[in-house]
Number of protein chains: 2
Amino acid sequence: MKLLEDRILKDGELLEGDILMVDSFLNHQVDINLLEEMSKDIYEHFEGEEITKVVTVEASGIAIGTMVAKVFNVPLIFAKKSIAQNLDENCNSVMIKSYTHKREYSVSISKKLISPEDKVLIIDDFLAEGNAIYGLIDLVNASGAEVVGIGVIVEKGFQSGGRNLRADGYNLYSLSIIEKFEDGNVIFR
Amino acid sequence: MKLLEDRILKDGELLEGDILMVDSFLNHQVDINLLEEMSKDIYEHFEGEEITKVVTVEASGIAIGTMVAKVFNVPLIFAKKSIAQNLDENCNSVMIKSYTHKREYSVSISKKLISPEDKVLIIDDFLAEGNAIYGLIDLVNASGAEVVGIGVIVEKGFQSGGRNLRADGYNLYSLSIIEKFEDGNVIFR
């Protein structure tokens, strides 16, 4: 999506360890017009599919998840994070490794919120190794529901998440795919 | 707001310790149509004011903050939480006590995101003792900007936050105010 790529080139900051900071327009301050355009783009990609729920994970997935849920006019569910394993029998929980924060955390969704009839679109801001997305897939599957598609804002194409998800047959739509970082610059695929 | 009060009576769950669970439509699953109606209601209340940014705190403020920022067509900023005091010199940080979770956490906003010219509308889901809101006010003031108003979804009228904010002269708008819990029922003001 050119609007997004241009914005990343203009306002993204590249930190040590290949961390792309998009704090000024995506995941600390959110440019609402960009958010709407991205959500419409995701809608157009998945328009033919039956989708009954949007699922994301707190915290930085919630803004894009909210706007995507609005354009599809379906409920949003955000999986809840905690540091300890969640032992609540009313929830499905998985452990997820964070690439950015180098730690594990538990992610949970209340069992009552997803039913086997649901067709789920998973949304997140970043896709690197795919740990968060695979965790959300496990949570959706634990409810017996179907993952219809996955939409992310930024895919790091040089990490394995996107490749693995496509190899597993998922309909993954990335609004931008970063091929590599070179001399402090972002190169898109 | 009658639509919200009716929904709380229908789908809210009252747990021990006067914790009102609104997981099925507000802060785990989000009913997008309700979210839109609430955001329009907040817009109508603050319509005459100049507002340049919406500020909330992760995680459960982000959904309503996103939709309110959309109706005002201004950027959303969500303050970031961490367990430890944030010592990043590029951020303003405050410590906030959580009523629900009985612990303290640090909440931060990057200094570059709010300028002294900004007119800020603070948005959050719940208002009890007002610790989170007062923390956000401190963060806005630390940037030299002005808090134009405060909008919350549920005010617990029997706790001191709302009373104190109004006594301090803030334009506080609560979509619902709970007067008390009685025999396991919610009584609105």
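The values are calculated or read from the model by the stated rules, or taken from the named source; none is laboratory data. Predicted model only: the values in this text are computed from it and were never measured. Quick reminder, even Gly has a Cβ in these numbers, built from the backbone with ideal geometry, and neighbours come from all protein chains shown. Side chains included, ligands, DNA and RNA excluded: accessible areas come from the protein's heavy atoms. Shrake-Rupley method; radii C 1.70, N 1.55, O 1.52, S 1.80 Å.
Please work out the FRET efficiency for the pair residue B:11 and residue A:10, using the Cβ-Cβ distance as r and a Förster radius of 41 Å; give the result to the nearest 0.05.
0.40
Enter the per residue convex hull volume of the range A:92-138, computed from alpha-carbon coordinates, in Å³ rounded to the nearest integer.
Hull volume normalised by residue count: 75 Å³.
What does the highest-first list of B:89-96, A:60-67 look like by mean Cβ count within 10 Å?
Details: B:89-96: 16.5, A:60-67: 27.4.
Ranking the peptides B:89-96, A:60-67 by packing returns A:60-67, B:89-96.
If you take the square roots of the eigenvalues of the alpha-carbon gyration tensor of the range B:59-131 and sort them as a ≥ b ≥ c, do you get rounded (a/c under 1.5), prolate (a/b over b/c) or oblate?
oblate
Give me the inter-chain shielding for B:24-35: mean count of other chain Cβ atoms within 10 Å, whole number please.
6
To one decimal in nm, how far is residue A:97 from the same spot in the other copies, if labels go 7 Å from Cα toward Cβ? Please give the shortest first.
Those label-point separations list as 4.0 nm.
To check you understand DSSP bridge types, tell me what percent of the beta bridges within chain B (both residues inside) are antiparallel, rounded to 5.
Beta bridges within chain B, antiparallel portion: roughly 45 percent.
Which value in Å does the Kirkwood hydrodynamic radius of the range B:1-133 take, with 1/r averaged over all unlike C-alpha pairs and then inverted?
For the range B:1-133, the Kirkwood estimate is 16.0 Å.
Within the accessible area of the protein assembly as shown, what % is carbon and sulfur when the probe is 1.4 Å and the other protein chains stay in place? All intermediate terms of the calculation are to be shown ahead of the outcome.
Working: 7280 of 16350 Å².
Carbon and sulfur together cover 45 percent of it.
Taking 37 °C and 0.692 mPa s as the conditions, I'd like the Stokes-Einstein D for the protein assembly as shown in µm²/s, using the Kirkwood hydrodynamic radius from alpha carbon pairs.
155
Would you kindly work out, in nm and rounded to one decimal, the distances from the label point of residue B:179 to those of the same position in each other copy, ordered shortest first, with label points 7 Å along Cα-to-Cβ?
Label point to label point, same position, other copies: 6.7 nm.
So the label point sits 7 Å from Cα along the Cα-to-Cβ vector; using that for residue B:83, what distances do you get to the other copies, in nanometres, sorted shortest first?
0.1
Alpha carbon centre of the range B:128-143 versus the range B:15-90: separation in Å?
Their Cα centres are 14 Å away from one another.
Which whole-percent values make up P(r) of the range A:1-44 when all C-alpha to C-alpha distances are grouped in 5 Å steps starting at zero?
Pair shares across the bins are 6, 20, 28, 24, 13, 7, 1, 0.
Amide H to amide H under 5 Å from residue A:174: which residues, 5+ apart in sequence or cross-chain, H placed 1.01 Å off N in plane?
When sequence neighbours closer than 5 places are left aside, the close amide H contacts are A:152.
How fast does the range B:85-167 diffuse by Stokes-Einstein, in µm²/s, taking the Kirkwood radius from C-alpha pairs at 4 °C and 1.567 mPa s?
Using the Kirkwood radius from Cα pairs, D works out to 97 µm²/s.
Quickly estimate the mean residue ellipticity at 222 nm for the protein assembly as shown, helices only: each DSSP H run with n ≥ 4 gives -39500 (n - 2.57), and the total goes over all residues, rounded to 500.
-9000 deg cm²/dmol
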